[in-house]
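Worksheet: the structure to be examined is printed underneath.
The values are calculated or read from the model by the stated rules, or taken from the named source; none is laboratory data. If you're wondering where the values come from, they're calculated on a predicted model, not measured in any experiment. Quick reminder, even Gly has a Cβ in these numbers, built from the backbone with ideal geometry, and neighbours come from all protein chains shown. The area values use the complete protein model at the heavy-atom level, side chains included, leaving out ligands, DNA and RNA. Shrake-Rupley method; radii C 1.70, N 1.55, O 1.52, S 1.80 Å.
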Amino acid sequence: MKDQNFEIITVAEDTLGEAAAGEWYDAANPTYTALIDTTHRVSSLYNFVNVPSAAWIDEEGRVVRLNEGTYSQVISLGQASFGTDEYRPAVVDWVTNGPDSPYVWSQEQVVRKIRRRTSDEALAEPTFKLGVYFYERDEALARTYWERAQALSPDSWNFHRQDWNLTEGLGGPQYRAKRGALGDKDYYAPLELGVEEPR
Amino acid sequence: MQRRTPMIVAAALGGVAIAVLTASRASAEPVTVLYDDQVIEVERTLADPNDLWVVPADLPRVNGFELKPEGACLEELCVPVLQDRDSDMFVTRAGQAWFNVTALARRLEQAYTADHDHRVWSFGEIPVTRTRFLRSAMAPDFELPNRKGELVRLSDFRGKKVLLVTWASW
């Protein structure tokens, strides 16, 4: 799809940078633009609280769709091939048809979809970044700030999972407990691929 | 005396006096500022347990603002700052001007926090710079390294459709 003026940019939200993301990128042998984001900057900027999340950005730099939980083989990363590929045809439709694609949202819809932050959640951002700053210098201190960020922003999976991954490994007891506590609340926002939404 | 000094000034002084009195000593102790994904070392600050004061020349590195005659400005946005007298935002000590970065942050509702033991100040996004995203759905620009360490900007891809996807090893 490269010749259709289309680019996939993947951003690894990994405090350990290349050390953590590198082997995954190696396995995927990507043909897309692969970036490393040690401070979770993109999640900060786009108000994302989990991965994978996605923004569709048009030729003029406008966001025309925002999704949390973008499960698709279109972005599969080696062993980390995510769920189904129901997302892929939607992307292809947009790349082919541009603004006429039924998957494209109006400005108003995108704006409505942007997650709003409370003042506590806003404070969680610089607090999390203090933790990232201290991680290589003083791990215990980093945890203090990460736990504070988690308390300020309990809905941010980014802030919880980055911390737990570095301290108890993937899918450890704290992660399972929090995930279990969700009950029928969505771990990811629903994909909403239906095109019957008002445009 | 000459005129009745307005009550507002007296009242304001109550709050300002604390800042001004505590911010009385220039300090050689450097601080570290985290903002906009940058780690910024600032050599000179005023000693103040509550606020971060920097010389105006350091302001652009610290938060992108520039102190102009009309105030502290970031592109078309200017926050008025009186510079012929001391205030909660601006003081002169021994001929050296100092600007209160944290007072500006409070004015702009920019979240910040500090590790005082290590003298590290961490600032969040400035809300007023976010309106193009929050109200007009324009994609926030950013610059990040690729795996070779080369910096890539989102806006480098203007003119193309971009599918921007976050993921993580965790």
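Values as computed for the structure displayed
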{"read-out": "Accessible surface of segment A:81-149, 1.4 Å probe, proportion on carbon and sulfur as whole %", "value": "45"}
{"read-out": "Trypsin sites (Lys or Arg not before Pro) within segment B:49-140: DSSP coil, no more than 14 neighbouring Cβ in 10 Å", "value": "B:ARG85, B:ARG135"}
{"read-out": "Amide H partners (placed H, <5 Å) of B:PHE90, local residues excluded", "value": "B:ASN100"}
{"read-out": "Partner chain coverage, peptide A:135-143 - average Cβ within 10 angstrom", "value": "1"}
{"read-out": "Karplus 3J(HN,Hα) series, Hz, for segment B:118-131 with 6.51 cos²θ - 1.76 cosθ + 1.60 (x for Gly, Pro)", "value": "9, 6, 10, 10, 10, 10, x, 5, 8, x, 5, 7, 9, 5"}
{"read-out": "Complex-versus-alone comparison for segment B:99-120, residues with a loss of 10 Å² or more in accessible area, probe 1.4 Å", "value": "B:ALA111, B:TYR112, B:THR113, B:ALA114, B:ASP115, B:HIS118, B:VAL120"}
{"read-out": "Low-density loop positions, trypsin sites (Lys or Arg not before Pro), segment A:118-148 - DSSP coil, at most 16 other Cβ in 10 Å", "value": "A:ARG137"}
{"read-out": "Share of carbon and sulfur in the accessible heavy-atom surface of segment B:91-161 [1.4 Å probe, %]", "value": "45"}
{"read-out": "GluC sites (Glu not before Pro) restricted to segment A:81-145 and DSSP loop, no more than 14 other C-beta within 10 Å", "value": "A:GLU86, A:GLU136"}
{"read-out": "Contact surface A-B: accessible area buried, both sides summed, square angstrom, 1.4 angstrom probe", "value": "5700"}
{"read-out": "Segment B:32-37 - phi-based ³J(HN,Hα) in whole Hz, Karplus 6.51/-1.76/1.60, Gly and Pro as x", "value": "10, 10, 9, 7, 6, 6"}
{"read-out": "Projected label distance in nm at A:SER119 and B:THR131, using a 7 Å step from Cα toward the beta-carbon", "value": "2.1"}
{"read-out": "For B:ALA139, residues with placed amide H under 5 Å, excluding near neighbours", "value": "A:ARG62, A:VAL63"}
{"read-out": "Spin-label pair B:ARG119/B:ARG85, simplified geometry with 7 Å Cα→Cβ offset, distance in nm", "value": "3.2"}
{"read-out": "Derived scalar couplings ³J(HN,Hα) [segment B:106-116; Karplus, 6.51 cos²θ - 1.76 cosθ + 1.60; whole Hz; x for Gly, Pro]", "value": "5, 4, 8, 6, 8, 5, 8, 8, 9, 9, 5"}
